[in-house]
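Enquirer: Before we start, here is the structure in question, set down as structure tokens.
The values are calculated or read from the model by the stated rules, or taken from the named source; none is laboratory data. Keep in mind the model is a prediction, meaning the values are calculated, not measured. A quick note on method: Cβ atoms are made from the backbone with ideal geometry, for glycine too, and the neighbour counts reach across all protein chains shown. Only protein heavy atoms, including side chains, enter the accessible area calculation; ligands, DNA and RNA are left aside. Shrake-Rupley method; radii C 1.70, N 1.55, O 1.52, S 1.80 Å.
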Amino acid sequence: MSVSAAASLDPVRPPGVTPPARRGPAALEGLHRERDVIAAFSEITNEAITTPRLEDLLGLLGKKLCHLLGVTRCSVYLRGDDDRFRGAAGYCEQGGDISAAVQAQEAGIPGDQFSREVIRTAAPVLIDDVASDPRPHRRTMEHWHVRAMLGVPLVFDDEVIGLIFVDNVEEDHVYTDEDVALAELFARLGALFLRQAMLNADLKRKAAEVVRQKNMLAHLADVHQKLTNAVLDGASIHAVVALLGELSGKPVVLYNEEWEVLTWSAPPGLGTAEPPVVAPRIRALPSVREALAGLSAARPSTVVPQRPAVGLGRRHLMCRLVIEGQPSGHLAIVEAGRGLDDRDSKLAEHGATVLSLQILSERRQAEAEGQAREDYLSDLLHSTRVPEQLVRRGPHFGVDLSRPHVLVRFSLDVGGGTVSPSAGRKLIVGQMTAAGRPVAAAVSLPGSVIVLVDLPHDADPRELREPVAEVRAALAPRLAVRTAVISAVCRDVEDFPLAHRELRQIDELARSFGWDGGVLTADELGLFRVVAASGRAREAVHFAHDLIRAVRASDDDTLLDTWRAFIRAEGRIQAAADRLGVHENTVRYRLGKIRRLTKRDPTSLDSMLQARIAFQTLDLAGW
């Protein structure tokens with residue numbers, strides 16, 4: 001057929017439009033493969049709807065590229081904020097998903113000139129024979145048994161944002177120019193798809209964060225409401241800690257600044273019988289100490305990690321309590337069941353604020369009650385109100401004046417102490433309570449503290465000597481207590497001013513003698529109380545020295561000890577002998593010598609009374 005005849009068979013074509021050129025077999029093949037790429041991305045787009053994870057989408061990209069090139073394995077790397085390319089996903093026809101192994105790898109490390117060339121040129125790089133090519137990282141290639149490899153960059157906006165590597169596991173593979181061009185086209189579309197997927201993932205992440213923050217705010221509002229309602233309903237500190245344990249589902253421990261457990265709580269079902277405390281040896285660890293020291297207003301809570309080697313088997317979320325600008329303890333939420341998270345941090349910080357306010361309120365209330373008790377005891381000691389009113393007000397402070405009481409006067413050495421009488425009062429009251437002798441009321445006076453102690457009906461005030469001595473010894477590191485004097489039993493309102501006056505006189509007498517022997521009871525002083533009341537201390541000392549001068553001047557040192565033992569035994573020879581560890585006749589013999597030296601009978605009632613006063617005077621004077 002002629003050309004003109006062939007032209008006459010062509011369909012009608014507008015004038016001036018030339019017919020398209022005939023495509024050769026290679027061009028048709030290229031067009032067909034481009035359509036395969038577009039079809040592959042159509043499938044990827046459809047599958048992406050049900051594949052939300054970026055890792056899975058990257059694996060899908062690699063899998064499709066493998067199928068297009070007729071190879072069996074690929075790995076995908078993404079560029080991080082630090083410009084390092086870390087493994088993100090992988091696929092292998094024999095093993096399926098190999099993402100975990102790929103994620104342990106990094107491209108572009110020293111010795112990996114192959115990956116660096118792909119990144120630098122932003123173009124595909126082909127290695128036909130890995131074994132003879134110096135560019136790849138040798139150890140990595142041997143580990144993955146790579147024979148030939150094609151590296152393709154994922155380029156978006158002239159920046160390499162990722163890398164795709166394909167190969168045939170342990171087999172050679174010939175990559176044609178068309179394969180390389182196809183991989184480059186696929187990578188360009190893949191970069192667009194990846195960028196869009198990353199933006200979508202970022203949007204989803206931001207949306208999830210908004211939802212999380214919204215849920216967190218709702219949770220905190222609920223926490224705030226429950227804690228506020230509990231405080232308004234008059235809940236105790238323990239009840240608030242129990243509520244925090246219920247809200248967190250974990251054990252909660254409240255410490256004071258000395259790390260003593262104030263209270264704790266654990267939700268039912270955890271099987272926690274004892275508070276999971278942070279032991280002293282754990283607090284001494286540098287890392288733990290540093291974490292706790294870093295707590296501040298800007299960083300109110302921190303997590304103390306596990307230290308199984310030293311007994312800390314669980315993580316502790318620690319939050320500092322601050323009251324009036326001063327550290328006042330710690331609140332701990334202990335990891336159990338669900339791990340610690342932001343909800344626990346916010347809960348601990350909110351709970352610590354509520355507990356700080358509640359502790360401050362209780363302190364203020366205790367101070368007010370303490371001041372009221374102090375005022376009441378001051379009225380009782382100075383008789384500034386009518387007795388009936390004092391009796392009527394007593395029960396408001398837990399004081400039943402129909403029961404016997406004693407006063408204990410703690411004389412403070414203002415030169416040796418480091419706290420004020422007011423602070424000393426708190427220390428003394430706390431130590432008396434710890435010693436099992438609760439104080440009904442206490443008052444601070446210049447240089448002393450007086451406490452009111454309830455007694456059983458049949459008790460002897462001398463039974464208080466030992467616990468008061470223990471209190472004095474326990475206070476020594478913080479409070480210098482010179483003497484402690486226990487009054488006689490007070491059974492009526494009128495007894496208290498007299499007892500108070502007598503305690504002051506005895507204390508003044510002891511101070512004038514320079515006595516700091518510890519604890520005295522007014523009843524023990526007997527007639528010496530009359531001397532104390534008269535204020536004739538110097539005459540008493542002179543009298544005492546005159547009485548014993550002859551005995552002291554003798555060569556027998558046992559006489560004075562025997563006379564003292566005889567007086568303390570209230571004139572009973574057997575008791576004195578037992579006290580001295582000698583025979584009764586020895587005591588009688590020594591008393592005879594005392595009679596001859598002093599020219600008076602030491603067994604007569606008058607002599608015994610005089611000797612008792614003399615020895616008490618000398619004891620106070622330190623002789």
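Enquirer: Are there any strands (runs of 3 or more DSSP E) wholly within region 416-510 with 3 or more residues that are in contact with a helix residue (DSSP H, G or I) (Cβ under 7 Å, 6 or more places away or on another chain) and not hydrophobic (A, V, I, L, M, F, W, C), and if so which? Write out each step before concluding.
Expert: Details: elements: 439-445, 448-454, 481-486.
Correct list: empty, since no element meets the threshold.
Enquirer: Moving on to the next point. Only one of (1) of a type in the set (Lys, Arg); (2) in contact (Cβ under 8 Å) with a residue 60 or more places away in the chain; (3) exposed (fewer than 12 other Cβ atoms within 10 Å of the Cβ) fails for residue 343. Which number is that?
Expert: Result: residue 343 fails condition (3) only.
Enquirer: Out of region 99-118, which residues are open to solvent by 30 Å² or more (accessible area, probe 1.4 Å) and in contact with a Phe, Trp or Tyr (Cβ under 7 Å, 6 or more places away or on another chain)?
Expert: 106
Enquirer: Next question, about the same structure. Search region 142-156 for residues being of a type outside the set (A, V, I, L, M, F, W, C) and over 14 Å from residue 190 (Cβ atoms), and hand back the single one that is farthest from the chain's Cα centre (by Cα).
Expert: Taking region 142-156 as the starting set, the residues that turn out to be of a type outside the set (A, V, I, L, M, F, W, C) are 142-143, 145, 147, 151, 153.
Then keep just the ones that are over 14 Å from residue 190 (Cβ atoms); that gives 142-143, 145, 147.
Working: 142: 52, 143: 49, 145: 54, 147: 59 Å.
Per the criteria, the residue is 147.
Enquirer: Hey, among 409, 393, which residue is modelled with pLDDT of 85 or more and either part of a loop (DSSP other than H, G, I, E, B) or in contact with a Ser or Thr (Cβ under 6 Å, 6 or more places away or on another chain) (or both)?
Expert: The conditions single out 409.
Enquirer: Pairs, please: C-beta under 7 Å, at least 6 apart or cross-chain, first residue closer than 11 Å to residue 114 by Cα and in region 131-144, second open to solvent by 40 Å² or more (accessible area, probe 1.4 Å) and in a helix (DSSP H, G or I)?
Expert: Every condition considered, the pairs that remain are 135/113; 135/117.
Enquirer: Could you please give the count of residues in region 470-497 that are modelled with pLDDT of 85 or more and loosely packed, with under 14 Cβ neighbours inside 10 Å?
Expert: Of the residues in region 470-497, 3 are modelled with pLDDT of 85 or more and loosely packed, with under 14 Cβ neighbours inside 10 Å.
Enquirer: Now for a separate question. Within region 249-295, track down each residue that is part of a strand (DSSP E or B) and either of a type in the set (Ser, Thr, Tyr) or open to solvent by 80 Å² or more (accessible area, probe 1.4 Å) (or both).
Expert: Hits for region 249-295 are 255, 262, 263, 265.
Enquirer: Ok, one more. Show me the helices (runs of 4 or more DSSP H) entirely contained within region 540-623 in which 1 or more residues are under 26 Å from residue 518 (Cβ atoms).
Expert: Filter on region 540-623 gives 558-568, 573-580, 605-621.
Enquirer: Would you mind stating whether residue 62 is modelled with pLDDT of 90 or more, of a type outside the set (Lys, Arg) and under 21 Å from residue 160 (Cβ atoms)?
Expert: The answer is no for residue 62.
Enquirer: (1) in a helix (DSSP H, G or I); (2) open to solvent by 50 Å² or more (accessible area, probe 1.4 Å); (3) in contact (Cβ under 8 Å) with a residue 12 or more places away in the chain; (4) not small (Gly, Ala, Ser): which one isn't true of residue 360, the others all being true?
Expert: Every condition holds for residue 360 apart from (2).
Enquirer: Here's something else I'd like to know. Could you list, in sequence order, all residues of region 222-248 that are without any contact (Cβ under 8 Å) to a residue 60 or more places away in the chain, assigned to a helix (DSSP H, G or I) and open to solvent by 60 Å² or more (accessible area, probe 1.4 Å)?
Expert: 222, 225, 226, 229, 232, 238, 246
Enquirer: Would region 395-415 turn up any residue that is hydrophobic (A, V, I, L, M, F, W, C) and open to solvent by 50 Å² or more (accessible area, probe 1.4 Å)?
Expert: Filtering region 395-415 for residues hydrophobic (A, V, I, L, M, F, W, C) gives 397, 399, 401, 406-408, 410, 412, 414.
Those still in the list that are open to solvent by 50 Å² or more (accessible area, probe 1.4 Å) too: 414.
Looking through region 395-415, at least one residue is hydrophobic (A, V, I, L, M, F, W, C) and open to solvent by 50 Å² or more (accessible area, probe 1.4 Å).
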